[in-house]
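Here's the structure we're looking at; comments come further down.
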Amino acid sequence: LYRFTNPNSAPRRLAVAGRDLYVLDAGNSVVTRHRLNEVGDGLERGQEIAEVVRKGQPAGNLVVGNLIDVLWMPADGNWQQDGLLILDASGRLIVYNSKTAALSAQVLSGALKTPLALGSYTGARLYVLDPGAGQIFRYAPTTSGYTGAPDPYFLAGATVDLLAARDMAIDGDIWLLYSD
């Protein structure tokens, strides 16, 4: 549907929300939006690409760092708006409100060391895979975002080697993809 022509481009992640496709270009540390046409067989003219956020851009009172993952989070429970969640390497969670095109940001609490991937499951719970911490952190939404302390997925004392983990998916179980 769209060809990334910048030689630094490295499209890494895709999030879908209706006719909107959000792409994380890790090579340029930018997230772009691409809108499908009514039929869904191409991009809408004039809506082929729009920049959502880029490294170095302000979001609320924070500055966006290296972007590492994106996730579409539909409204559910305390999470009251559909939105695109964008994680940077410093553990900042950038929220893009697709209705207003507004950005907000917060620093995720907890002992994040090297956050790598986002996931979600029912109730708008947010999961962060952190190989450096050897943990998957689970955040419950509040009316002000993901501001509370996370629950660790693995029990205290459990030794789980996540250093070679590259991605995760959640369907009731958590599935981890390792580099091998």
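The values are calculated or read from the model by the stated rules, or taken from the named source; none is laboratory data. The shown structure was predicted, so the numbers you read here are calculated from the model rather than taken from an experiment. FYI the Cβ positions are ideal-geometry reconstructions off the backbone, even for glycines, and counts take in every protein chain you see. Quick note on the areas: whole protein, heavy atoms, side chains included, nothing else; ligands and nucleic acids left out. Shrake-Rupley method; radii C 1.70, N 1.55, O 1.52, S 1.80 Å.
So the values come out like this:
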read-out: Considering residues of segment 142-159 that are at pLDDT below 90, assigned to a loop (DSSP other than H, G, I, E, B) and touching a Gly at 6+ places or on another chain (Cβ under 9 Å) only, the residue most open to solvent (accessible area, probe 1.4 Å); value: 159
read-out: Residue 112 in contact (Cβ under 8 Å) with a residue 24 or more places away in the chain, closer than 22 Å to residue 145 by Cα and assigned to a loop (DSSP other than H, G, I, E, B); value: yes
read-out: Scan of segment 29-49 for residues that are open to solvent by less than 40 Å² (accessible area, probe 1.4 Å) and either of a type in the set (Val, Ile, Thr) or within 20 Å of residue 93 (Cα to Cα) (or both), ordered by number; value: 29, 30, 31, 32, 33
read-out: Complete set of residues in segment 72-105 that are under 16 Å from residue 119 (Cβ atoms), assigned to a strand (DSSP E or B) and open to solvent by 30 Å² or more (accessible area, probe 1.4 Å); value: 72, 76
read-out: Of all residues in segment 15-28 being under 18 Å from residue 101 (Cα atoms) and either touching a helix residue (DSSP H, G or I) at 6+ places or on another chain (Cβ under 9 Å) or of a type in the set (A, V, I, L, M) (or both), the one that is most open to solvent (accessible area, probe 1.4 Å); value: 16
